[in-house]
Amino acid sequence: MRSSPAQAFASLTIAGVDEPIAIAGGATGPATLSRTMTKAEVIQGERIVLMPLRIEDAEEMVAALGDESLHRFTGGRPATAVELRERYAKLVRGSPDKTHTWLNWIIRMVDAGGAVGTMQATLIGEAADIAWVVGVRWQSRGFATEAARCVASWLVSKGVRTLRANIHPGHEASERVASRAGLTVTEGWVDGERVWARTNCRAAQ
Ligand SMILES: CC(C)(COP(=O)(O)OP(=O)(O)OC[C@H]1O[C@@H](n2cnc3c(N)ncnc32)[C@H](O)[C@@H]1OP(=O)(O)O)[C@@H](O)C(=O)NCCC(=O)NCCS
């Protein structure tokens, strides 16, 4: 059940990556967390850092995510600078549905500072739907895995109890990322994609 910006950009986005996603369409608990937790924070990893997405990141991301092959499993096509700026402006404004919170980050290398991809979480109550993308030239270096682990830990530390991702069957790299972040495949399907989930999450004491 996608939010309205998704429909607006459906033909050019990576579904569940470029636009906010909501897999199950409902909260797993009281919808308090997604109402109170409204801002992405800086999340520090070892080799990467997740920086809250800004509208001015659009120009850099057009080049970083400009490959058709990134859309192989998810559909759409690379966005132009104008399209991406417009999309990021919507993401920064946040969900018009106040029971949903959109959190978006740029994944940056700690050493070089350059952007390698994006990470997204849509909070619905105490559940978070997460999605990731890493530009082709930085793939297979473990960046998506590290970013997914970082965002999962951060979300759980904030009180998120369920993590979910919808992944096209046969998208091995994304399945590996989900698995490394502690998600397992479920019986659920959304829009032809398998739902992966980690339930009953608890922050480390
Ligand atoms: C999915 C994606 C983010 C992975 O990014 P990445 O930075 O290359 O991922 P990692 O380097 O952390 O690798 C994750 C795992 O996938 C494996 N992998 C990487 N590329 C692979 C490929 N083409 N085929 C199979 N496995 C692959 C890695 O070996 C690694 O496995 P391991 O943990 O057993 O070593 C990236 O391919 C991508 O952005 N794809 C397009 C967008 C997309 O489909 N996003 C998913 C939406 S949910």
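Please treat every number below as a calculation from the coordinates, not as lab data. All figures in this text were calculated on a predicted structure; none of them were measured in a lab. Cβ: placed from backbone, ideal geometry, glycine included. Neighbour counts: every protein chain shown.
Values as computed for the structure displayed
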quantity	calculated
Criterion violated by Val134 - all others in (1) within 21 Å of Ala112 (Cβ to Cβ); (2) out of contact with any helix residue (DSSP H, G or I) (no Cβ under 8 Å at 6 or more places or on another chain) satisfied	(2)
Any pair with Cβ under 6 angstrom, 6 or more apart, that starts in the stretch 111-140 at a residue that is near the ligand (Cβ under 9 Å from one of its atoms) and ends at one that is charged (D, E, K, R)	Val136/Asp67
Residue in the stretch 51-93 that is surrounded by the fewest Cβ atoms within 10 Å (Cβ to Cβ), counting only those that are among the hydroxyl-bearing types (Ser, Thr, Tyr) and touching a residue at least 40 places away in the same chain (Cβ under 8 Å)	Ser69
Hits in the stretch 177-201 - residues which are away from the ligand (no atom under 11 Å from the Cβ) and assigned to a loop (DSSP other than H, G, I, E, B)	Gly182, Asp191, Gly192, Thr199, Asn200, Cys201
Looking only at the stretch 141-170, and only at residues there that are near the ligand (Cβ under 10 Å from one of its atoms) and in a helix (DSSP H, G or I), the one that is nearest to Ala203 (Cα to Cα)	Arg149
Subset of the stretch 189-205 [surrounded by fewer than 13 Cβ atoms within 10 Å (Cβ to Cβ) and more than 17 Å from Cys150 (Cβ to Cβ)]	Trp189, Gly192, Asn200, Arg202, Gln205
